[in-house]
Number of protein chains: 2
Amino acid sequence: MRDHYQEQLDGLASGLADMCDQVAAALEMATQALLERGLQLAEQVISDDVKIDELRVGVEDGAFALLALQAPVATDLRIVVSAIHGATDIERMGDLALHVAQATRRRHPEPVLPEEVRPYFAEMGRVGVLLARKAGDVIRTRNLAAAAELETDDDAMDDLHRHMFTVLMDRNWQHGVAAAVDITLLARFYERYADHAVAVARRIVYVVTGRMPGPLAV
Amino acid sequence: MRDHYQEQLDGLASGLADMCDQVAAALEMATQALLERGLQLAEQVISDDVKIDELRVGVEDGAFALLALQAPVATDLRIVVSAIHGATDIERMGDLALHVAQATRRRHPEPVLPEEVRPYFAEMGRVGVLLARKAGDVIRTRNLAAAAELETDDDAMDDLHRHMFTVLMDRNWQHGVAAAVDITLLARFYERYADHAVAVARRIVYVVTGRMPGPLAV
């Protein structure tokens, strides 16, 4: 009985970590599609989103079953509650990658991004994917030093996001309002994606230490 | 013992409903500040946000204690799990109201909104506040007909949000890129606020029926 219980708990963590891998792949593909006007790649991200939603349902059902049948306490209860939160955060990361892909599809065959902002999005994509992968590793290893690293990576994302706005607000912006609106939303999607990855890592810190790290500035 | 248990369960619902009232008040004040360049009102929304965060901690702690000490099952377990989700959604609504207030403060004494888009934001504010209040009522009454109403209100918000973009994208837009960027983000905050209110109502449907209504289009 105890072994089955432990398997169920481990199953929650591996489900969450799998979700992180999926949303990392989704953002990687969505960013590539955005940069290269890749309609097919964008379509794939859009159609794959349902798999992330299914993984989320699996984690939530697993958590509910554990609570109902095993009545976990202490650290185990923190694991289950954190899995419920984590599944929500990671599914949202998938939605945000989906939104990037949808923007690419909506403008196709026109590019969404003027040439001068492409490097920012390449970098936001790289940092976002890194954050999702690291969140998956933190879930698997419960390594608190790795969890702290996500905060630094998120600072890098925030800097990119802020810098993006100074580019848009510059009087020399030549690409008109429609492009600026697209870019504003896209940059926001990447920034929120990163915030959710940090939230996932913070929940793991809570599992291990019993205390939540400070609130996320949003 | 059973009475205390029931009190704890009821306490979760009343905590969530109180959070709804607070975030409704926050969005109402933030919208008024946005429309009237009300710095003092914006400051109040910003300083009051900590109260919403405290209510959230109270709900989460209450849910955790219930799970640890009472091991609820069936409908009661759904109540507790939904409270955990609801607290996250409603706190996020508070953050989004806060972001509206921060935009007002950032541009003060300049107005954030050109005259022609003010009516849209007045209406988005009205619908958002209505959604938060209705979500609170649904939590208190578990009225499924009222829960369904939120979907219609959210459609109204989505229409406003879409229409806002056609105004921004219009070739006759005279207010430059910086204003368009502000408005894009603000409109997004209102739209997301509404989405979270709908998510809260859907969780109550799940509590009552054991089944989640269809996914929210985001």
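Here are some notes:
- Boolean, A:Gln44 is surrounded by fewer than 18 Cβ atoms within 10 Å (Cβ to Cβ), in a helix (DSSP H, G or I) and of a type outside the set (Asp, Glu): yes
- Long-range neighbours under 7 Å by Cβ, at least six apart or interchain, first residue among the hydroxyl-bearing types (Ser, Thr, Tyr) within region A:100-119, second at pLDDT 95 or above and outside any loop (DSSP other than H, G, I, E, B): A:Thr104/A:Ala33; A:Thr104/A:Leu34; A:Thr104/A:Ala42
- Looking only at residues in region B:163-190 that are without any contact (Cβ under 8 Å) to a residue 60 or more places away in the chain and under 19 Å from the mean Cα position of the chain (by Cα), the one that is farthest from B:Cys20 (Cα to Cα) is B:Thr184.
- Among the residues listed as B:Ala25, B:Ala87, the single one being modelled with pLDDT of 95 or more and touching a Lys or Arg at 6+ places or on another chain (Cβ under 6 Å): B:Ala87
- The selection criterion, being farther than 27 Å from B:Leu12 by Cα, touching a helix residue (DSSP H, G or I) at 6+ places or on another chain (Cβ under 9 Å), in a helix (DSSP H, G or I) and of a type in the set (Lys, Arg), holds for B:Arg118.
- Qualifying position, being out of contact with any Leu (no Cβ under 6 Å at 6 or more places or on another chain), over 30 Å from A:Arg203 (Cα atoms) and of a type in the set (A, V, I, L, M, F, W, C), among A:Leu130, A:Leu113, A:Leu160, A:Leu144: A:Leu113
- Region A:54-78, residues that are in contact (Cβ under 8 Å) with a residue 40 or more places away in the chain and of a type outside the set (S, T, N, Q): A:Leu55, A:Gly58, A:Val59, A:Gly62, A:Ala63, A:Ala65, A:Leu66, A:Pro72, A:Asp76, A:Arg78
- Qualifying residue in region A:106-113 (condition: touching a Cys at 6+ places or on another chain (Cβ under 7 Å), over 16 Å from A:Ser47 (Cβ atoms) and assigned to a helix (DSSP H, G or I)): no
- Each residue in region A:178-211 was checked for being among the hydrophobic types (A, V, I, L, M, F, W, C) and closer than 22 Å to A:Gly86 by Cβ, and 11 of them qualify.
- Any hit, region B:147-164, residues being within 12 Å of chain A (Cβ to nearest Cβ), over 17 Å from B:Ala103 (Cα atoms) and out of contact with any Phe, Trp or Tyr (no Cβ under 9 Å at 6 or more places or on another chain): no
- B:Arg211 meets each of the listed conditions (1) over 21 Å from B:Leu34 (Cβ atoms); (2) within 19 Å of the chain's Cα centre (by Cα) apart from (2).
One line per residue, one yes/no per condition, for (1) under 16 Å from A:Thr184 (Cβ atoms); (2) under 14 Å from the mean Cα position of the chain (by Cα); (3) not in a helix (DSSP H, G or I):
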{"residue": "B:Leu131", "(1), (2), (3)": "no, yes, no"}
{"residue": "B:Ala145", "(1), (2), (3)": "no, no, no"}
{"residue": "B:Asp155", "(1), (2), (3)": "no, no, no"}
{"residue": "B:His161", "(1), (2), (3)": "yes, no, no"}
{"residue": "B:Tyr206", "(1), (2), (3)": "no, no, no"}
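- Matching residues in region B:84-102 - criterion: being within 17 Å of B:Glu54 (Cβ to Cβ) and more than 8 Å from chain A (Cβ to nearest Cβ): B:Gly86, B:Ala87, B:Asp89, B:Ile90, B:Glu91, B:Arg92, B:Met93, B:Gly94, B:Ala97, B:Leu98
- For B:Thr31, the requirement of being within 22 Å of B:Lys134 (Cα to Cα), surrounded by 23 or more Cβ atoms within 10 Å (Cβ to Cβ) and among the hydroxyl-bearing types (Ser, Thr, Tyr) is met.
- Residue match in region A:109-127 (condition: within 12 Å of another protein chain (Cβ to nearest Cβ), farther than 23 Å from A:Asp49 by Cβ and of a type in the set (Lys, Arg)): no
- Single residue of B:Ala13, B:Ala24 found to be assigned to a helix (DSSP H, G or I), touching a residue at least 24 places away in the same chain (Cβ under 8 Å), under 25 Å from A:Arg211 (Cα atoms) and among the small types (Gly, Ala, Ser): B:Ala13
- Test for A:Ala187: is it away from chain B (no Cβ under 12 Å) and either in contact with an Asp or Glu (Cβ under 6 Å, 6 or more places away or on another chain) or part of a helix (DSSP H, G or I) (or both): no
- Qualifying residues in region A:54-83 (those that are loosely packed, with under 15 Cβ neighbours inside 10 Å and under 21 Å from A:Val23 (Cβ atoms)) - the one nearest to the other protein chains (Cβ to nearest Cβ): A:Val57
The values are calculated or read from the model by the stated rules, or taken from the named source; none is laboratory data. Everything numeric here is computed off the predicted structure, so don't read it as measured data. Please note: Cβ atoms are built from the backbone with ideal geometry, for glycine as well, and neighbour counts cover all protein chains shown.
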